[in-house]
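Let me begin by presenting the structure, written as structure tokens, before commenting on it.
The values are calculated or read from the model by the stated rules, or taken from the named source; none is laboratory data. Predicted model, so just to flag it, every value in this text is computed and none were measured. Backbone-built Cβ (ideal geometry, glycine too); neighbour counts: all protein chains shown.
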Amino acid sequence: MKNLGILLSGRGSNFTAIADNIAVGTLAARISVVISNRSDAQGIEAARQRRIPAIVLPSKGKPREEHDRATVAALRDHNVDLVCLAGYMRLLSPWFVQQFPHKILNIHPSLLPAFPGLEAQQQAFAFGVKIAGCTVHFVDEELDHGPIIVQKSVPVLDSDDEHTLAMRILEQEHLAYTEAIKIVSEGKFKIVGRRIVR
Ligand code: GAR
């Protein structure tokens, strides 16, 4: 069973979806630590309520690599095997990425490579796409870029606004992250170029 380390910056709904799936036995894993770079992250409170070790390592004003070194030390202290970025609004330094090769996952609320970066759902809505979605991918040294593990699509309805679309994408995120963690922790895949083949 893999030890997960969750990094988040805000609401934490992807974290709680993963925790719920572990609690009901849909996902065989253990969350050993939740780390936030923001003290006001709701996800930290949710972790404490669940009695999961929760750590705040404020990033504001810190050089990126210094903050990353503290984060990696905390992940190591908790014997983390897989790092799951769940709304972690901070770019990892190349050094961080190299500490956990093919062991860092990220969720992004678009069908990558479309709409990387911030507010992806709003970008997709404003662009007028008819199919939106989410992506769970391995983290590499470029933003929203590494090999894709799971994608889920969401139709954009004429009646949608940015908010309703983002909420329907979020429902799919909650399914996609658990699926991706299963695939990676079971190790039943090969990486061929950029392709994850099972
Ligand atoms: C999610 O929609 C996630 O895909 C997005 O932030 C939200 C976090 O929600 N991540 C990114 O945009 C990363 N580029 P949550 O805190 O409720 O899981």
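Regarding R11, is this residue of a type outside the set (A, V, I, L, M, F, W, C) and more than 10 Å from the ligand (Cβ to nearest atom)? No: the conditions fail for R11. Taken together, the criteria place A29 among residues that are touching a helix residue (DSSP H, G or I) at 6+ places or on another chain (Cβ under 7 Å), within 24 Å of P109 (Cα to Cα) and not β-branched (V, I, T). Screening M167, M89 for residues that are within 11 Å of the ligand (Cβ to nearest atom) and over 13 Å from the mean Cα position of the chain (by Cα) leaves exactly one candidate, M167. Scoring N79 on the criteria (1) on the phi < 0 side of the Ramachandran plot; (2) away from the ligand (no atom under 11 Å from the Cβ); (3) of a type outside the set (D, E, K, R) leaves a single failure, condition (1).
The listed residues are F189, F138, F127, and the only one of them that is within 21 Å of S13 (Cα to Cα) and not aliphatic (A, V, I, L, M) turns out to be F138.
Residue count for region 170-193 satisfying the condition of being more than 12 Å from the ligand (Cβ to nearest atom), closer than 14 Å to T135 by Cα and not aliphatic (A, V, I, L, M): 2. Restricting attention to region 92-120, the residues being under 22 Å from K190 (Cα atoms), in contact (Cβ under 8 Å) with a residue 40 or more places away in the chain and assigned to a helix (DSSP H, G or I) number 1. Tallying residues that are among the small types (G, A, S) and within 24 Å of D81 (Cβ to Cβ) within region 139-198 yields 5.
Restricting attention to region 1-57, the residues that are polar (S, T, N, Q) and either in a helix (DSSP H, G or I) or without any contact (Cβ under 8 Å) to a residue 12 or more places away in the chain (or both) add up to 6.
Among the residues here, V97 does not qualify as at pLDDT 95 or above, in contact with a helix residue (DSSP H, G or I) (Cβ under 6 Å, 6 or more places away or on another chain) and under 20 Å from V33 (Cβ atoms). For region 58-80, filtered to residues that are in contact (Cβ under 8 Å) with a residue 40 or more places away in the chain and in contact with a Ser or Thr (Cβ under 7 Å, 6 or more places away or on another chain), the residue that is surrounded by the most Cβ atoms within 10 Å (Cβ to Cβ) is V80.
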